[in-house]
1. Give the stretch 165-179 a look and list any residue that's surrounded by fewer than 17 Cβ atoms within 10 Å (Cβ to Cβ) and free of Cβ contacts under 8 Å to residues at least 60 places away in the same chain, or say none.
2. Note down all Cβ pairs under 6 Å where the first residue falls in the stretch 40-68 and is under 11 Å from Leu84 (Cβ atoms) and in contact (Cβ under 8 Å) with a residue 40 or more places away in the chain, the second is part of a helix (DSSP H, G or I) and of a type in the set (Val, Ile, Thr), and they're at least six residues apart or on different chains.
3. Only one of these is surrounded by fewer than 18 Cβ atoms within 10 Å (Cβ to Cβ), among the basic types (Lys, Arg), touching a helix residue (DSSP H, G or I) at 6+ places or on another chain (Cβ under 9 Å) and free of Cβ contacts under 8 Å to residues at least 60 places away in the same chain: Arg213, Arg218. Name it.
4. Could you check Arg98 against (1) under 20 Å from Asp189 (Cβ atoms); (2) touching a helix residue (DSSP H, G or I) at 6+ places or on another chain (Cβ under 7 Å) and say which number it fails?
5. For a quick check of your reading of the model, give me the residue pairs whose first member lies in the stretch 134-147 and is under 11 Å from Ile105 (Cβ atoms), whose second is assigned to a helix (DSSP H, G or I) and of a type in the set (Lys, Arg), with beta-carbon atoms closer than 7 Å and at least 6 apart or on different chains.
6. Suppose we keep only residues that are of a type in the set (D, E, K, R), within 12 Å of the chain's Cα centre (by Cα) and not in a loop (DSSP other than H, G, I, E, B) within the stretch 1-30. Which one would you say is farthest from Gly77 (Cα to Cα)?
7. Please pick out the residue among Lys235, Lys207 that is of a type in the set (Lys, Arg), within 28 Å of Gly77 (Cα to Cα) and surrounded by 14 or more Cβ atoms within 10 Å (Cβ to Cβ).
8. Looking at the stretch 158-171, is at least one residue acidic (Asp, Glu) and touching a Lys or Arg at 6+ places or on another chain (Cβ under 6 Å)?
Amino acid sequence: MPISDSDIERILIVTAHPDDLDFGAAGTIAQWTAAGIQVSYAICTNGEQGGIDPTISRADMRLIRRKEQTDAGAAVGVSDIHFLDYHDGLLQPTLELRKDIVRIIRKVRPDRLVCQNPERNYERIFASHPDHMAAGEAAMQAVYPDCGNPFAFPELLADEKLEPWTVKEAWLMSTNQPDHYIDITDTFDKKLAALHAHVSQTAHNDKLDEMVREWGARTAAQYGFAEGRFVEAFKVVTTA
């Protein structure tokens, strides 16, 4: 069982690209912020490979996507966003990425961390972008064994005065083995608002709302929720 939200003060969400967390968890995030939980984002890549407009330079796309993620965060009550600026399409679960995520964990000091599934999901192959799996793997390695260990990346403590911090639990998105389900019907409009903020990625899709509704309704039906409800699903991992 996950820790009750009433015992959670801060949550950090780590994803590969701008818009990943909005597709996977924006409805849930909106509930958390409405309940007074401090939510922070760490976006690993700059999203420069995104979009369909060939007239936009990749340097401009990087800036566009940063602005879009900032606007999307505002739609669900999040303003603390950390952009790690790794190259889109080239992300690997390196020691450097792990260290960068540990740094943010020790700054934010979250009780709960949400990340992408580090394992390939053959039932939802589009969720298994290599960057997604790399971000998920690096985030889980940062949670265990690194962030609570004073001897892991000791320069973070010695030079940056970032004390070790233990994350209590991790929630995985886009897994084919979920065990926890959030009814987002009441915040579904905020999820759509966040997704529409990613104009370069979604404006060309005139069936976006229909597609996201179908996803949420299908998940609800699959896990026993009433007709007309929308659900986001996660796998909860105890990490402390």
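The values are calculated or read from the model by the stated rules, or taken from the named source; none is laboratory data. As the structure is a prediction and not an experimental result, all values here were calculated from the model. Ideal geometry is used to build each Cβ from the backbone, glycine not excepted, and the neighbour counts take in all protein chains shown.
1. Correct list: Asn176, Gln177, Asp179.
2. So the pair list comes out as Ala42/Ile104.
3. Arg213
4. So Arg98 meets the others, but not (1).
5. Close Cβ pairs satisfying both conditions: Ala142/Arg98; Asp146/Arg98; Cys147/Arg106.
6. Asp20
7. Lys235
8. Yes, there is a match, as at least one residue in the stretch 158-171 is acidic (Asp, Glu) and touching a Lys or Arg at 6+ places or on another chain (Cβ under 6 Å).
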